[in-house]
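The values are calculated or read from the model by the stated rules, or taken from the named source; none is laboratory data. Every value quoted in this text rests on a predicted model; they were computed, and no experiment measured them. Ligands, DNA and RNA are excluded from the accessible area calculation, which covers all protein heavy atoms including side chains. Shrake-Rupley method; radii C 1.70, N 1.55, O 1.52, S 1.80 Å.
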Amino acid sequence: MLSIFKTKPKLSELIPANYVDIHSHLLPGIDDGAKNTDESKILLQTMIDFGFSKVITTPHTMINVWDNTAETITNA
């Protein structure tokens, strides 16, 4: 059947092979991303399945908003 409406692509169709995510909140318990290690693992596996090859975690550091420190980030 011919449709005049464009279908919305799936996210996995928009990500080129070996894509690098440069703003990820994958560190457990840091910022508003993964709450624990299990969530981090699930998120990473999903990104791999979508075709990501690398991620750069970018935790926020802003006093009284995101109280992340070098120590809490390194520990995560």
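Once both axes come from the Cα atoms, what is the angle between helix 37-50 and the longest principal axis of the chain, in degrees from 0 to 90, rounded to 10?
30
Of the listed values (1) 4.5; (2) 6.7; (3) 7.4, grab the one calculated as mean projected area of the Cα convex hull in nm² from the structure here.
(3)
Carbon and sulfur together cover what percent of the accessible area of the chain at a 1.4 Å probe radius?
Looking at the chain in its full context, I get 60 percent from C and S.
Please report the spacing between the Cα centers of the stretch 35-76 and the stretch 8-29 in Å, no decimals.
Between the Cα centres of the stretch 35-76 and the stretch 8-29 lies a distance of 13 Å.
Give the lysines reachable from Lys10 as a straight Cα distance under 21 Å; neighbours fewer than 8 places away on the same chain don't count.
Partners within reach: Lys54.
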